[in-house]
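As structure tokens, the structure follows; a few thoughts come after it.
A short reminder: the numbers here are calculations on the coordinates, not readings from a lab. No experiment lies behind these values; they were computed from the predicted model shown. Backbone-built Cβ (ideal geometry, glycine too); neighbour counts: all protein chains shown.
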Amino acid sequence: MRKVASFCDYFIITSGTSLRHTNAIVRGIEEDLAKDKLKSLSKVSPTDESGWIVLDFVSVIAHVFYKPIREFYGLERLWSDAKKVSLPRKS
């Protein structure tokens, strides 16, 4: 992202199949990173119903969408000049 936006190095864009699933993904990210003493600068309600939750870890910003909201906003199209990096799946 740094080549197309000066505010972060990476965007992580993912989606859940329901609002509950989306919130569970966010909790999982927060819990995993808390083990390394990393906290998001953004405050998230545990029952968020917006369909788009942003976790700001300064150099990495995670966007967690409810799938229809992700398709509507199309961040991948908006930031298409940024280099795409695939991450291995966590087992």
Local electrostatic count, N23, Cβ distance below 13 Å [Lys/Arg +1, Asp/Glu -1]: -2
Roughly speaking, what is the stretch gain from H21 to S42, that is 0.36 nm per residue apart minus the C-alpha to C-alpha distance, in nm to one decimal? 5.6 nm
Hey, got a sec? Which trypsin sites (Lys or Arg not before Pro) in the range 1-46 land in a DSSP loop and have at most 16 other Cβ atoms within 10 Å? R2, K3, K35, K37, K39, K43
Computed ³J(HN,Hα) along the range 38-51: with the Karplus parameters 6.51/-1.76/1.60, θ = phi - 60°, integer Hz and x for glycine or proline, the list is 9, 10, 6, 6, 8, 9, 10, 6, x, 10, 4, 10, 6, x
Out of all DSSP beta bridges in the chain, what portion is antiparallel? Express it as a percent rounded to 5. 40
13 Å beta-carbon shell around P46, net charge (K/R +1, D/E -1): -1
Cα-based reach from K90 at 13 Å (exclusive), listing aspartates and glutamates while leaving out same-chain residues under 8 positions away: D32
At 4 °C and 1.567 mPa s, the Stokes-Einstein diffusion coefficient in µm²/s for the chain, with hydrodynamic radius from the Kirkwood sum on alpha carbon pairs, is 94
